[in-house]
Amino acid sequence: MIEGLHWLGHSSFRWDGSKTIYFDPWKLSKEPKKSDIICISHEHFDHFSKLDISKISTADTVIVTCKACADELEPFTRIARKEIKVFQAGISIDLGGVKIKFLSSYNIKKEFHTKSSEKLGFVVTMDGISLYHAGDTDKIPEMDGLKCDVALLPISGTYVMTADEAAEAAIAINPKVAVPMHYGDIVGSMKDAKRFEYLLKGKVEVKILRKEE
Ligand SMILES: [Zn+2]
């Protein structure tokens, strides 16, 4: 199901299929694989890295993101403006056979990621598999009944859900596989990932991915 999915640390992933899709690329290796599509959830430095975006961008790369990131990318000379597409929650698009649905991503009782700041989560469907990258979020009502095969959920606490809250989110979403993210850098550790896995035993399959370069 997720052979093509590579965890690059924190909330950074590369998904290889009929297209190469990155989510929140950050701290990439020197010469990473080029991208067809880059999804950037929001403008915080650990999700939105212009250096890493430039490493994986070609003339044909399409960047899909929120307004705050697009505003910062506009003067960024290596990336032509036409390649940056700005979206809000509720919109669905088709990029050459890859479907992307944009969702809100926000905190409920914290101020780090407000709903009004329009940060994004994504449900991307490629080659018949749907994958949800939740961004930096708490458990939000939008997750109830959200349909996806794979759910990438932040688990570190502080700025996002704790492992316990993320387990509740995974139960609400009920994906075929849940993958913990947003740990091992800044906040959160493997302990949180293991707790997430433990809490979902017998309920939702959890895959703790090995960090790749
Ligand atoms: Zn953030």
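The values are calculated or read from the model by the stated rules, or taken from the named source; none is laboratory data. Given the structure is predicted, the values throughout are model-derived calculations rather than measurements. Please note: Cβ atoms are built from the backbone with ideal geometry, for glycine as well, and neighbour counts cover all protein chains shown.
So here's what we get for this one:
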item: The lone exception for Tyr159 - which of (1) under 13 Å from the mean Cα position of the chain (by Cα); (2) assigned to a loop (DSSP other than H, G, I, E, B); (3) aromatic (Phe, Trp, Tyr) it fails; result: (1)
item: Strands (runs of 3 or more DSSP E) wholly inside the stretch 1-46 that include at least 1 residues being within 16 Å of the ligand (Cβ to nearest atom); result: 13-16, 20-23, 37-40
item: Residue count for the stretch 58-86, restricted to those that are more than 16 Å from the ligand (Cβ to nearest atom), at pLDDT 90 or above and part of a loop (DSSP other than H, G, I, E, B); result: 1
item: Any chance Tyr183 is touching a helix residue (DSSP H, G or I) at 6+ places or on another chain (Cβ under 6 Å), of a type in the set (Phe, Trp, Tyr) and over 13 Å from Ser11 (Cα atoms); result: no
item: Restricting the stretch 90-120 to residues that are within 16 Å of the ligand (Cβ to nearest atom) and among the small types (Gly, Ala, Ser), the residue that is surrounded by the fewest Cβ atoms within 10 Å (Cβ to Cβ); result: Ser116
item: Selection from the stretch 179-213 of residues that are in a strand (DSSP E or B) and farther than 20 Å from Asn107 by Cα; result: Val206, Lys211
item: Pick from the stretch 123-142, criterion more than 14 Å from the ligand (Cβ to nearest atom) and buried (at least 24 other Cβ atoms within 10 Å of the Cβ), ranking: farthest from Val98 (Cα to Cα); result: Tyr132
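Rundown of residues vs (1) surrounded by fewer than 19 Cβ atoms within 10 Å (Cβ to Cβ); (2) at positive phi, yes/no style:
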position: Asp149; (1), (2): yes, no
position: Leu153; (1), (2): no, no
position: Ser156; (1), (2): no, no
position: Val160; (1), (2): no, no
position: Ala167; (1), (2): no, no
position: Met181; (1), (2): no, no
position: Gly184; (1), (2): yes, yes
position: Tyr198; (1), (2): yes, no
position: Leu209; (1), (2): yes, no
